[in-house]
Amino acid sequence: MSIYQSSDGVAAKREAVFDSHVHFWNPRHLDYPWLSDVPVLDREFSPSDFLDEVSEPVEAVFVEAGRTPEQAADEVRWVRGLALTRPWIRGAVAHVDLDNPLTAPEAVRRFAADPFTVGVRHNIQDEGADFIAGADFRAGVRLLGEAGLPFDACVRQGQLEELAELAAACPRTLIVLDHLGKPSLPEPGPSWRTALHRLARQDNVVCKLSGLATEAAPRTGAGAFLAVLREALQAFGPGRCLYGGDWPVMTQATSYGSWLDLVREALADLSAAEADAVMRTNAVRTYRLAQTQGPAPRSGEAVRPAGAVESA
């Protein structure tokens, strides 16, 4: 457990956090075409920058950050190098062009043989209408199940129904829904709720409680976020939800501490064991990581002294 200082100054204990969704990038090292459209993010974001944002120890899984597809292996090698002196970076979710039958089998085989690679993501949120149902893409997703690698699915609200069909067609592959399917906030509407619950009926799907702030309209209140988080908890249950920060993308809309506090507020009615599952152990199980006794940033990268964080 870690000690934090609550807003009323009272010290309390909290279980260690395991962040299932963190990005790092360095545009001087790899090419990220999408950054030109988001100037505020078009700079280096390093593990040290991340630790400057957190107020308590956190372990994390790195998720591919949209570099050019041919640099996917270079990205994993780069993050592995970062992790050599930062053991709190527990693994990487790599990119694979899963729809390419000529290259996907070898890429999946190579990443499956690498203990540092704990999952695969092919970002499908901007793919065409028939992409998720495509035979080649489904074959690639099935390869992941055969290799024992989960598939991180970054989709938009309108793709959730297709994702449910993909999960049914690939029952041996664990699918990790990123960012709750990016619902429109402050009110995602009944179509998102219906599709989310349909997806949750597929027992090979888990859901990351992440990424909502950057999808929300300006001045969306905390109540709207809490309602969506609790809907996901109801649909999947606390045994199939994972905490994710989506740093640094989330910094466009909120602070790390604010998001962490908001997710914890959504878990307030759960038992301590259920809350710990969401905040830590579900990610360890999903990405097949060994249990640890708690993160410990190395000398020179200590987190700031714990203190009150701003409210969401």
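Key figures for this structure:
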quantity: Segment 31-49 residues that are over 17 Å from residue 80 (Cα atoms), paired with ones that are exposed (fewer than 15 other Cβ atoms within 10 Å of the Cβ) (beta carbon under 6 Å, 6 or more apart); calculated: 31/68; 35/42
quantity: For residue 92: the one exception among (1) outside any loop (DSSP other than H, G, I, E, B); (2) open to solvent by 10 Å² or more (accessible area, probe 1.4 Å); calculated: (2)
quantity: Which numbered condition residue 20 misses (of (1) farther than 22 Å from residue 110 by Cβ; (2) open to solvent by 20 Å² or more (accessible area, probe 1.4 Å); (3) among the small types (Gly, Ala, Ser)); calculated: (2)
quantity: Selection from segment 189-206 of residues that are out of contact with any strand residue (DSSP E or B) (no Cβ under 9 Å at 6 or more places or on another chain), closer than 20 Å to residue 237 by Cβ and open to solvent by 10 Å² or more (accessible area, probe 1.4 Å); calculated: 193, 194, 197, 198, 201, 203
quantity: Filtered residue count, segment 186-240, keeping only those that are part of a strand (DSSP E or B) and either free of Cβ contacts under 8 Å to residues at least 24 places away in the same chain or more than 19 Å from the chain's Cα centre (by Cα) (or both); calculated: 0
quantity: Residue 80 being basic (Lys, Arg) and either open to solvent by less than 70 Å² (accessible area, probe 1.4 Å) or more than 19 Å from residue 30 (Cα to Cα) (or both); calculated: no
quantity: Pairs, first part of a loop (DSSP other than H, G, I, E, B) in segment 50-64, second modelled with pLDDT of 95 or more, C-beta under 6 Å, six or more apart; calculated: 54/256; 55/257; 64/93; 64/94; 64/95; 64/121
quantity: Test set (1) assigned to a loop (DSSP other than H, G, I, E, B); (2) open to solvent by 60 Å² or more (accessible area, probe 1.4 Å) - residue 124 fails condition number; calculated: (2)
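The values are calculated or read from the model by the stated rules, or taken from the named source; none is laboratory data. Quick caveat, the model's predicted, so the values are computed rather than measured. Positions of Cβ are generated from backbone atoms using ideal geometry, with glycine treated the same way; all protein chains shown enter the neighbour counts. Side chains included, ligands, DNA and RNA excluded: accessible areas come from the protein's heavy atoms. Shrake-Rupley method; radii C 1.70, N 1.55, O 1.52, S 1.80 Å.
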